[in-house]
Amino acid sequence: FPVTIQIQVTGKDPIANIAAATQGPEYWLQTGAFRNQDEAQRQKATLAMQGLEALISEREVEGAVLWRVRVGPFVLQEDVAKARSRVQGAGIAATVIRINKNN
């Protein structure tokens, strides 16, 4: 039987919406967290030139808004490693974020 997954989009955090629709652990590459949305958009464009689609999410941390740039999600660690190599090849540092799912 086909399974239908509905994702509720809030607009502020597309990454959380995708994470809510998946099962099992998933991995993201966080390539930056910026106080300026334009800087986050510039980094997203740089990643796009490397063939990587990034998402930007808005997050409030200690009263300040940060714009996080992440690539993913990935299920397999080898896919994370390949993407991280491409990101680093563009001169961008990337931190692997693992999100555990309890489904």
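Every read-out reported here was derived from the displayed coordinates using simple, explicitly stated rules and does not represent laboratory data. The structure displayed is predicted, hence computed values, not measured ones. Glycine gets a Cβ as well: all are built from the backbone with ideal geometry, and neighbour counts include every protein chain shown.
Placing +1 on each Lys and Arg Cβ and -1 on each Asp and Glu Cβ, with no other charges, gives segment 56-103 a dipole about its Cα centre of roughly 180 debye. Would you mind estimating how fast segment 23-103 diffuses translationally, via Stokes-Einstein at 10 °C and 1.306 mPa s with the Kirkwood radius over Cα pairs, in µm²/s? Result for D is 122 µm²/s.
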